[in-house]
Each structure stands twice: as C-alpha cells, then as structure tokens.
Amino acid sequence: MSPPDRAGIAKERRRRSRWIAAVELGLISSTFSTIVSQLFAARLGRDAAVDWMTVATIPVRDWALGSEPSWSTILIGIAFHQWADFSWAVVFFGVLGRWTADLRPAAILLLALPWAIFSSGMEWFVLVPLLPFWQPLFTLQQPYWIGLLVHASSALMYPLFARLRWERGAATGRHLRFTQAWLAGALVLVIALGTVAAFGSHGHEPPWIGRDKDADQTYMRHMTTHHAQGIELARIGARRAQNPHLQKLALLMVASQTGENRLLENFWLSWFDTAMPDCGFDERAAMPGFLTPAEMRLVNLAPPDQFDAVFVEMMTRHHKGAVKMADQMWHSRGDPRLRVMAHAIRHEQQGEIALMHGESGLAAVVTATRNMLGDNVN
C-alpha cells in the first residue's frame, strides 16, 4: 500500500473516531445536564417537573399541559432536552471538528462555555419561538438564564472529549490524568447535589442567608396567599374557558403556581422551622392584584360567551399584582434563592399575560426579552 493510501486511511479513521467520540460525548453531556438540572432546580426555586412539562410543549404543543405534570410529559420534556443538548455537542465536535477535535481539555472548556451561551441563546431567541418550532410558550414562560445554566452544565462535560477521541488506550497520559480528575469532580458534584436535594426534600434546605428576615417572610406569606387565589382562579378558567388554548394555559398556571407554593412552603419550613402563618383580611385587601370576593363571583358567574374575556381581564390583573410583588423582592436584600425565584416568577407571569393575549412570533421574543429585564406591566 502506498504512503498516500495509508495517509488517507489514517485520516478516515481519525474522522470516524471523531464522530463516534462526539456521539459519546453528546450522550454523556446531555445526561449530566439532565441530572444536574433535576437535582439543582429546587435550590433556585424551580419546580423541575413543571419545567420539563414546559419543555415538552415544544414538540407536542398544548397536549403536554396539565394541572399536574404527568410522567409522560416529564419524560417527553427530558427526552427533548437531551436530544437538543446531544445535538449541540455533535455539532461542536463533529460538524466543527476540523477546529475543535484536536484541542486540549483546557482549551475545550474555554470554548465550551461561550458555546453554551450561543446555543442556549439560539434556542431561546430563535429556534423555539421562531423557526422551526414557532412555540412562544417556552420563551415567555422560562427566563433565558435557566436554559443558560442547563447548557453550561452540559458544557462542563466537553473536556472529556479529549479522552473519548482516541482509540482505546491511545490517549496521552496528560489528557488521561486531566479527564480522570475532571470526571471524578463531576461525580463528586452530582453526589453533593443529590445529598443537598435529599435533605431539601425533607425540609432541610441550606440555611437562610438574606439580610432582611421580616421582608422575606412577608413576601413569602403574601406570594403564597396570592398564588392560592391564582390557583383557584385558574381552576375556574380550566373548567369554563371556551378557547382550548386558554383552557390549557389555565392548567399551566395551576401547575406552576402550585409548584411554586410547595417550594415557598419548603423554604419557610427549612429556614424558620415553623408553619407559615396565614395572611389576614387586611393583608389580603392590600395585596396588589388580589381579587375581592365579588370579583371572584363575577368570574364564576360570567355567561359562557363572555367568560373568556372576563377571565383574561381578571387573571391579567391578578398576574400584574404578582409581578409587582416579585419585582420588589428581586430588587430587595432578601435571600439570593428567593430573589432568583422572584425573578423567574416576574418573567413567567408577564409571559402568561402575553400568552393570554395571543402574542407569538417575533413580538413574543421582544416581549420575553423585555420581561427578563423589568416589570413591564405595571
């Protein structure tokens, strides 16, 4: 066999090894990000099951939405997320392998984090709300930083490619030592997150670290009470709405606010070791957007042909109040976890207002971007 032939065969073997390694890395990185997302979500005030349900709406639309995430929608959401993360890894090391496949682990890591910013941005700003999926709910429901954190956790596994790209036993000693230590660190991280999650699920979250306990407690009590009325109102909408999409949105509101109340109650129990006191009549009356008994009856008794308009009007008013409360918490001196949760609530409830009014396409992207940056409804 001539030298050019041997060189061509060697080149083809390296190309094939690169693509196999890209596929292996995609499976590892997507699985790692799924595990980290599941374990870490509640530490940031996120209900992972509701988030997976929201992701599931990208491929299966409104069918995925329910008042309680089902196992089928959770699995669809996880599968779609893993497919997306897997695809980005294959693009990075397969399609762009001419420039990335031979990099050292440290160089891969330096490029992987900007890649996480780019890939999560492409999904949030373009691929999901516009082409090819045209699904505004994901972008309006979840702030961009959630996707960024998920993609960043996936990117943390990219340095392992420096080991996978070689045929078995052919990796250099330096790369083997680096990737072995990196993999051990990833396993330690998963164990640590799993331990914290296990304690957190039993009312033992890491201690409160805010600077204004009274303000945090007031916010948690008020938002829990505000959500309780929102859940009641959304259940009426799910039962009576004439528009099928509005009916499904109401179910999503029930699921998201129920999940957030569970998290707020768990934070309270973990931080203050007591039951959360109820809000009195005067507190309820002073809450922004909290509907009076007469207004709730108005929704309940609205004629069928007028119900959707009445529901949207009242839920919009209710959501505006929650946005105002969440915005104040985001700009407060409260516990960072509570502030991050409030930022997501502010984004989510503004997004649901836009969805109730039928916003989609580029307008939805613009609205979602503005909603991430401030309170745009009060």
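Figure legend. Inter-residue proximity from segment 297-312: first residues open to solvent by 80 Å² or more (accessible area, probe 1.4 Å), second residues at pLDDT 95 or above and in a helix (DSSP H, G or I), beta-carbon distance below 7 Å, spacing 6+ or different chains. Indicated pairs: 298/310. What residue, among those in segment 267-315 that are small (Gly, Ala, Ser) and part of a loop (DSSP other than H, G, I, E, B), is nearest to the chain's Cα centre (by Cα)? Once the filter is applied, the top-ranked residue is 289.
Among the residues making up segment 351-376, a single one is among the acidic types (Asp, Glu) and open to solvent by less than 10 Å² (accessible area, probe 1.4 Å): 352. For segment 316-343, enumerate the residues that are open to solvent by 70 Å² or more (accessible area, probe 1.4 Å), touching a residue at least 12 places away in the same chain (Cβ under 8 Å) and part of a loop (DSSP other than H, G, I, E, B). Once the filter is applied, which keeps residues that are open to solvent by 70 Å² or more (accessible area, probe 1.4 Å), touching a residue at least 12 places away in the same chain (Cβ under 8 Å) and part of a loop (DSSP other than H, G, I, E, B), segment 316-343 yields only 333.
So which residues in segment 45-67 are buried (at least 18 other Cβ atoms within 10 Å of the Cβ), among the charged types (D, E, K, R) and assigned to a helix (DSSP H, G or I)? Result: 51, single match. Helices (runs of 4 or more DSSP H) fully within segment 68-168 that include at least 2 residues being small (Gly, Ala, Ser) and closer than 28 Å to residue 353 by Cα: 71-90, 105-122.
Residues in segment 220-261 that are crowded, with 18+ Cβ neighbours inside 10 Å and not in a helix (DSSP H, G or I): 241 only. Taking the criterion of being closer than 26 Å to residue 191 by Cα and in contact with a Phe, Trp or Tyr (Cβ under 7 Å, 6 or more places away or on another chain), the only residue of segment 33-68 that qualifies is 55.
In contact with a Phe, Trp or Tyr (Cβ under 6 Å, 6 or more places away or on another chain), farther than 30 Å from residue 246 by Cα and either open to solvent by less than 60 Å² (accessible area, probe 1.4 Å) or of a type in the set (D, E, K, R) (or both): does that describe residue 30? Yes: the conditions hold for residue 30. Return a yes/no flag: does segment 270-282 have any residue that is touching a Phe, Trp or Tyr at 6+ places or on another chain (Cβ under 9 Å) and without any contact (Cβ under 8 Å) to a residue 40 or more places away in the chain. Yes, there is a match, as at least one residue in segment 270-282 is touching a Phe, Trp or Tyr at 6+ places or on another chain (Cβ under 9 Å) and without any contact (Cβ under 8 Å) to a residue 40 or more places away in the chain.
The values are calculated or read from the model by the stated rules, or taken from the named source; none is laboratory data. The structure displayed is predicted, hence computed values, not measured ones. Cβ: placed from backbone, ideal geometry, glycine included. Neighbour counts: every protein chain shown. What goes into the accessible areas is simple: the full protein's heavy atoms, side chains included, and nothing from ligands, DNA or RNA. Shrake-Rupley method; radii C 1.70, N 1.55, O 1.52, S 1.80 Å.
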